[in-house]
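Before any comments, here is the structure.
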Amino acid sequence: METKQILKDIGKRCQGEIYLGIVGPVRSGKSTFIKRFMEMAVIPYIEDPDVKIRTIDELPQSGKGKMIMTVEPKFIPNQAVKIDLQDDFKINVRLVDCVGYVIEGASGYQDDSGIRLVKTPWYNESIPFDQAAKIGTKKVIQDHSTIGIVVTSDGSFLDIDEQSYHSATKEIIQELQDIGKPFIVIVNSKDPSSSKCQNVVESYQKEYDVPIIAIDTTNMLETQIVHLLQEALNEFGIHEVKIEVPRYIAMLNQKHWLKQTLDEALKNSLVEIKKIKDVKHLTEGIESYDFVKRAYLKSVDTSHSSATIRIEERNGLYDELLTNIVGYEVDRSSILALLQELMTIKDEYDGISNALSMVRQTGYGYAIPRLEEIELSKPEIIKQGSRYGMKLKSKAATTYMIKIDIESTFEPIIGSKQQAESFIDYLNHNGNDKEAIFSCDVFGRKLGDLIEEGMYYKLNMIPENASLKIHDILSKIVNKGKSNVIAIVL
């Protein structure tokens with residue numbers, strides 16, 4: 001990724017304002033980092049020659065030895081510089097060089113009267129050096145930065161023990177974690193690949209869940225700057241995670257076991273997703289399910305803090321789901337015939353679906369005839385006084401539904417009283433499990449079959465002539481209106 005692209009991504013994420021707060025212990029290389037960063041990633045992209053010269057003049061000077069150089073916070077440059085990137089996108093860039101935390105072995109923070117007093121932008125009066133470092137760090141990160149960069153050292157540049165840096169760095173990291181802004185940690189070293197430096201990096205990584213990067217700030221390359229900024233960008237919160245699944249899985253209804261399992265897996269995994277960098281861990285949890293062949297991070301849009309994860313199903317899942325839904329094994333060659341049959345059934349069902357919905361809600365429902373089911377009579381001329389008109393009769397069959405509660409009683413003679421009580425106890429014990437009750441054996445037959453027979457018998461008890469009379473009565477009510485009085489004698 002090019003420098004301009006990473007700056008653009010961060011700029012979009014930060015509404016065009018890239019303010020880097022550089023904090024850390026004294027004599028760790030903060031000023032050196034700022035100078036090198038500006039020279040490699042900012043100044044080359046400033047188009048206005050006057051602004052470029054002014055920015056170069058405002059770069060901090062790196063000091064050598066144990067003497068502290070930065071004694072007050074500085075904005076570099078004093079006014080944020082504007083950089084034009086691709087697609088006419090503009091960003092404002094500025095770095096803040098903060099007073100460092102005091103460490104044992106450094107000099108320049110004391111004078112004859114004790115802790116040195118320094119000026120800060122936040123107070124009219126001078127304050128002690130160590131107090132300025134702590135207040136400045138909080139102010140810079142909280143109020144003047146979009147990204148924090150902690151610069152510490154392994155002690156390879158100066159005759160200062162690494163442990164002196166460690167305690168101050170630990171305090172700074174904890175402060176930044178409390179503030180909640182995205183930040184990274186740089187371990188400045190003459191030899192970043194040395195075992196000494198890597199041990200320092202590992203010690204911080206064990207304590208903190210933030211990027212810890214070893215680098216030589218004096219000789220920092222543009223590619224390393226891009227890497228640093230990418231790591232910082234990954235520390236921003238994630239706003240959206242898109243999940244791509246095969247289309248047929250997306251079409252399953254929410255009650256299907258696969259959809260519910262997948263939703264539950266995503267729900268549990270997303271709880272742990274806080275930052276952009278966490279998204280890659282989401283795929284690990286998804287891949288543990290047997291219906292998943294592979295889950296991978298398809299893309300990350302860091303500028304909008306969104307990511308897309310693609311889930312690939314295992315081989316044969318489609319056929320298994322089809323069999324599960326249909327209820328029997330269906331090969332691909334017979335799907336067309338099955339669809340034709342289902343469409344015929346659907347067409348029939350659509351005609352009465354409204355009636356079913358009504359009868360379930362109110363106990364009474366009717367199906368409105370479709371236009372193609374309506375028969376028209378031959379139109380006739382009619383006369384009303386001196387005026388004429390026409391009469392057109394229409395006729396169509398419709399379906400009426402009435403919901404009736406059927407009561408059926410099952411009274412088997414089992415044997416002794418003890419046997420009857422035992423059977424009742426079994427039914428009471430399994431009262432919430434209808435399947436267990438219906439499956440229990442009574443006289444060699446399932447109880448469910450016996451109950452169904454009782455219901456069927458009740459329905460068959462209606463005489464045919466009574467059914468016809470009910471049909472005639474309903475027809476008269478519908479066609480002649482509700483004003484008629486109808487008496488039903490049973």
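The values are calculated or read from the model by the stated rules, or taken from the named source; none is laboratory data. The shown structure was predicted, so the numbers you read here are calculated from the model rather than taken from an experiment. Every residue, glycine among them, receives a Cβ derived from its backbone with ideal geometry; neighbour counts consider all protein chains shown.
Residues satisfying the criterion are present in the range 317-334 (criterion: among the aromatic types (Phe, Trp, Tyr) and either loosely packed, with under 14 Cβ neighbours inside 10 Å or under 17 Å from Tyr248 (Cα atoms) (or both)). Applying the set (1) at pLDDT below 90; (2) within 20 Å of Glu222 (Cα to Cα) to Val99 leaves exactly one unmet item: (2).
Applying a threshold of 9 Å to beta carbon distances and a minimum spacing of six or more residues, or different chains, the list of pairs starting in the range 155-169 at a residue that is assigned by TED's automatic domain parsing to the domain that holds Gly100 and ending at one that is among the hydroxyl-bearing types (Ser, Thr, Tyr) and in a helix (DSSP H, G or I) reads Gly155/Ser164; Gly155/Tyr165; Phe157/Thr218; His166/Ser203; His166/Tyr204; Thr169/Tyr204. Scanning the range 181-213 for residues that are out of contact with any Gly (no Cβ under 9 Å at 6 or more places or on another chain) and closer than 22 Å to Ile10 by Cα yields a total of 5. All conditions in (1) touching a residue at least 60 places away in the same chain (Cβ under 8 Å); (2) buried (at least 16 other Cβ atoms within 10 Å of the Cβ) hold for Ala265, with the sole exception of (1). Taking the criterion of being of a type outside the set (D, E, K, R), within 22 Å of Glu272 (Cα to Cα) and either touching a Phe, Trp or Tyr at 6+ places or on another chain (Cβ under 9 Å) or without any contact (Cβ under 8 Å) to a residue 12 or more places away in the chain (or both), the residues of the range 212-238 that qualify are Ile212, Ala232. Residues that are in a helix (DSSP H, G or I) and among the hydroxyl-bearing types (Ser, Thr, Tyr) within the range 344-371 comprise Thr344, Tyr349, Ser353, Ser357, Thr362, listed in sequence order. Looking at the structure I just gave you, is Tyr204 assigned by TED's automatic domain parsing to the domain that holds Lys8, touching an Asp or Glu at 6+ places or on another chain (Cβ under 8 Å) and aromatic (Phe, Trp, Tyr)? Considered against the rule, which asks whether it is assigned by TED's automatic domain parsing to the domain that holds Lys8, touching an Asp or Glu at 6+ places or on another chain (Cβ under 8 Å) and aromatic (Phe, Trp, Tyr), Tyr204 comes out as no. The residues of the range 285-332 that are in contact (Cβ under 8 Å) with a residue 60 or more places away in the chain and in a strand (DSSP E or B), listed by number, are Ser306, Ala307, Thr308, Ile309, Arg310, Ile311, Glu312, Glu313.
Does Leu258 satisfy the criteria of being touching a residue at least 60 places away in the same chain (Cβ under 8 Å), part of a helix (DSSP H, G or I) and under 23 Å from Gly11 (Cβ atoms)? Judged against the criteria, Leu258 is not a match.
Within the range 138-161, being buried (at least 19 other Cβ atoms within 10 Å of the Cβ) and in contact with a helix residue (DSSP H, G or I) (Cβ under 6 Å, 6 or more places away or on another chain) holds for Ile141, Ile147, Gly148, Val150, Val151, Thr152, Ser153, Asp154, Gly155.
Looking at the range 401-419, can you tell me whether even one residue there is modelled with pLDDT of 85 or more, within 30 Å of Glu372 (Cβ to Cβ) and touching a Pro at 6+ places or on another chain (Cβ under 6 Å)? No: the range 401-419 contains no residue that is modelled with pLDDT of 85 or more, within 30 Å of Glu372 (Cβ to Cβ) and touching a Pro at 6+ places or on another chain (Cβ under 6 Å). Residue pairs whose Cβ atoms lie under 6 Å apart, sitting 6 or more positions apart in sequence or on different chains, and linking a residue in the range 129-141 that is in the same structural domain as Tyr101 (by TED's automatic domain parsing) and closer than 14 Å to Val118 by Cβ to a partner that is basic (Lys, Arg) and buried (at least 24 other Cβ atoms within 10 Å of the Cβ), do not occur here.
Can you pull out the residues in the range 451-469 that are among the aliphatic types (A, V, I, L, M) and closer than 15 Å to Ile406 by Cα? Selection gives Ile451, Met455, Leu459, Met461, Ile462. Using the structure shown, decide if Lys181 is assigned to a loop (DSSP other than H, G, I, E, B) and in contact with a strand residue (DSSP E or B) (Cβ under 7 Å, 6 or more places away or on another chain). Yes. The residues listed here are Glu240, Glu222; of these, the one that is in contact with a helix residue (DSSP H, G or I) (Cβ under 7 Å, 6 or more places away or on another chain), among the acidic types (Asp, Glu) and on the phi < 0 side of the Ramachandran plot is Glu222.
In the range 261-277, the residue that is farthest from Lys181 (Cα to Cα) out of those that are assigned to a helix (DSSP H, G or I) and among the β-branched types (Val, Ile, Thr) is Thr261.
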